[in-house]
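These notes are about the structure you will find just below.
No value in this document is a laboratory result; all are computed from the given coordinates. As the structure is a computational prediction, the values presented were derived from the model and not from experiment. Ideal geometry is used to build each Cβ from the backbone, glycine not excepted, and the neighbour counts take in all protein chains shown.
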Amino acid sequence: MQIKQLATVTGVNTKTIRYYEDIGLLPNPKRGENGYRFYRHQDVLSLNFIRRCKELRMPLADIKTLVAVQSDSNASCSQVDALIAQQLEKIQVAQYELQLLEQNLQSLVNCCENEQIKDCKILSHLRAS
């Protein structure tokens, strides 16, 4: 299949596919005499794998590691476990920080009952050091 077909099948745009090839996340595809890239079913599987990792907000460096470790099916999966655990921890920290942000914003929303800018409690809080 050609790159447009691969993009359609996987839901990943063609520029992203080319970028993944450039950084070595996807192998360079075979090219026809006309210079067009030609992809195989394995490329669909690889791109779906990468897309799912991106949906988990994994950094490209970690995705590269996950792609690389698959070359030895007998290796320990401890590196995979560690990467996923680290990503879970990052998400939990982000959730906590977002909860604090929500509380701060809710506090600001609730603090001002004035009608004029000169009396605005929100702006007063934001100006405070």
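For F38 and I84, a Förster radius of 35 Å and the Cβ-Cβ distance give a FRET efficiency of 0.60, rounded to the nearest 0.05.
The lysine pair tally for the chain, using Cα distances under 22 Å and a gap of 8 or more places or different chains, is 10. Could you work out how much longer the chain between L126 and N13 gets when fully extended? Use 0.36 nm per residue separation minus the Cα distance between them, nm to one decimal. Contour length minus the Cα-Cα distance gives 36.5 nm. The slack between N28 and L98, meaning 0.36 nm per residue of separation minus the straight C-alpha distance, is 21.2 nm. Relative intensity of the chain on a log10 scale, I(q)/I(0) at q = 0.10, 0.15, 0.17, 0.23 Å⁻¹, equals -0.55, -0.80, -0.92, -1.31, per a Debye sum over C-alpha point scatterers of equal strength in the absence of solvent. Applying 0.36 nm per residue to the separation of R57 and Q2 and subtracting their alpha-carbon distance, the gain on full extension is 17.0 nm.
The calculated FRET efficiency for the pair S107 and L66, based on their C-beta separation and a Förster distance of 41 Å, comes to about 0.50.
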